[in-house]
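This report concerns only the one structure given below.
Only the coordinates and a few stated rules stand behind these numbers; no lab work does. Quantities reported herein were computed from a predicted structural model and do not represent experimental measurements. All Cβ positions, glycine included, derive from the backbone under ideal geometry; neighbour counts span all protein chains shown.
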Amino acid sequence: MSGAIELPLVRSLPAQGRDHAELLRELEALRVADADWRDGRVFSLVYDPGHAHEAFLQEAHGRYFSENGLNPMAFKSLHRMETDVVRMVGKLLHGDAKTCGTMTSGGTESLLLAVKTARDRARRLHPWNRRPELILPTTAHVAFDKAADAFGLRIRRARLTPDLQVDVKHVKRLINRHTVLLVASAPQYPHGVIDPVAAIAKLGQKHGIPVHVDACVGGLILPFIERLGRPVPPWDFRVPGVTSISADLHKYGYTAKGASVLLHRSTDYLQDQIFVAADWPGGVYASPSLPGTRPGGPIAAAWAGLQAMGESGYLELARQTLVAADTLRAGVRGIAGLQLLSPDDMPIVTWTSAAADVDVYAVADQLEARGWHLDRQQDPPSVHLTVMAGHVRTADAYVRDLADAVAFVRAHPAAKSQGNAAMYGMMAKVPFRGMVKKTVRGILLEMYGPEGGKTQGDPQPPDGVVGQILARHGEAIGRALDGYQRLRTRLTRGR
C-alpha cells in the first residue's frame, strides 16, 4: 500500500512503438504503491468475487471490449443485454411490469441522473419553479452535491435522529413549493443505516414529489440479507411512493467496474432522464445517460456475471459477508474504548472512540502500519469498513490488530499528534470548511498537475510552519476545536 514507483515519468509519446512484453512488465511494476485487495485487508474500492468469477468476468468483458453502447441500433446485442440487466435487478427489487431504467457507469452517474431527471420532470410539470431544490439527509452520498452543483439545484439538508436515520419531521418542515426530489439511503455509506424510506415516501406521495432511494451500496445485497432472515425495513419498490432506485452492480453484484443501474417505477419518470438534441448539424442525437460513448465491456460482464452467480450464489456471498461483519462487530464490542455506530445485520461496520484516551485517527494509523486499508470519517471521527464475503478469512486478524492498536494508542498519547492522525484530526475539527476545501484542492492540484505521479504512497504529514504548529500546539488546538464542536452540537440540537 505504500512505496515509490521507480519508473521514470512518461513525458511524451515514444518515437517508435515499444515492445509489448516490456510494457506489460512495467504495468505490473506500477502496482508497487497499490492496495493489495486480494489479501482481504482492503475494506472498500474493490469487491472480490473470487478468482474463478473474476476470470469469467474478464472473459465476458473482453468479448465486448471494442463495442459501443452509444448507438443501440448499431449494437443490438448491448441493448438487449442492458435491458436484461434492468429487468433482472428490477425483479429483485420488487418492481413490476412497468419498471424500467438504464445501466450507468457507476453510482455517481446513477445519482447524477436521478437528480437531473427530477429537475427536468419539474420543468415539464411545473415550469414556474425556477429554483428547484432537493432534500437530502446529511449522510446522503456526496454525488448528490456534485449533481446539485452540475444541474443548478439548491440542497436542503435534513438532520439525523440519534440512531443516525434522517429525521422525517425535519424533512417535512423543509418541503416547500420548490422541492423536486426527496432522497433516502438504503443504507447510507458512513454508518450503514437504512433511512425510514416508507415515511419519506409517504411525504412524497402527499406532496406529489418523486422519491429516490440510493441503494448503490445495498441494492444487490439487502434482498439476500432479508432472505437469510435478518430484519430489513421496507425500502424498495414495495414501498408506495418510491419512484426511482439506484443500485451498483460492481459492488455487491460483484460484476466488473463500472456498472450500476438506475431504475424508475415507470416510463413516466424515465422520459425525463433522456436527453435529445434535434438541431445539431451532426444529426439528431439522443442519449439515455450522461456519457456519449458507453463501453460494451461492463455491460456484457454485468449481463454474464449476474446470471453466472444466480440467486444461490448471491445468497451464499451474503451469508459469508454477514459472518465476517458479525465477527467484526463482536470484536469491536469486546474492546474497551470503542463504540459501534453501525447497526447489526448490515454489511457496513463503523466504529468510533468511546474514551478520551483513544484517538480514532491514531488507531487508524496503527492499523495501516499493520497492513490494513480503511476509510477515515468525520463528524464524528470514525473508521468505516465495507465488509465483503472475502473478509471471512481476515476478520479475526483485524480484530486482533485493532485491539493491539487501541492498546498502543492508550500507552502512547503522543500518537494522536503524529503522522496522519494529526492531519486527519485537525482537518476533521476545523470549523471553517472553506479552509479544508482549499487544502484538499491543493493536494489534488499537485496530484494532477504537470508533475503528477512523480511520487507515490500514502499522504505525508504536514511539514514547514503547519507541521511546527501541530508539533508544538496541536493538543491545545485540538482541545479548543473539541470545545467548539460540543458547543455547536448543543446549539444545533436546540433548534
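Projected onto their three principal axes, the Cα atoms of the stretch 62-308 cover extents of 50, 49, 30 Å, largest first. Distance between the C-alpha centres of the stretch 323-341 and the stretch 85-141: 35 Å, rounded to the whole angstrom.
Inter-part distance, the stretch 1-67 to the stretch 146-181, computed on C-alpha centroids, equals 40 Å.
You can think of it this way: the chain between H94 and A52 has 12.1 nm of extra reach, that is 0.36 nm per residue less the Cα-Cα gap. Extending 7 Å from Cα along the Cβ direction at R87 and again at Q378 yields two label points whose distance is 4.7 nm. On the beta carbon distance between Q271 and A33, with R0 = 35 Å, the FRET formula returns roughly 0.15.
Between E22 and F65, the distance separating the two model label sites (each 7 Å from Cα on the Cα→Cβ line) works out to 2.1 nm.
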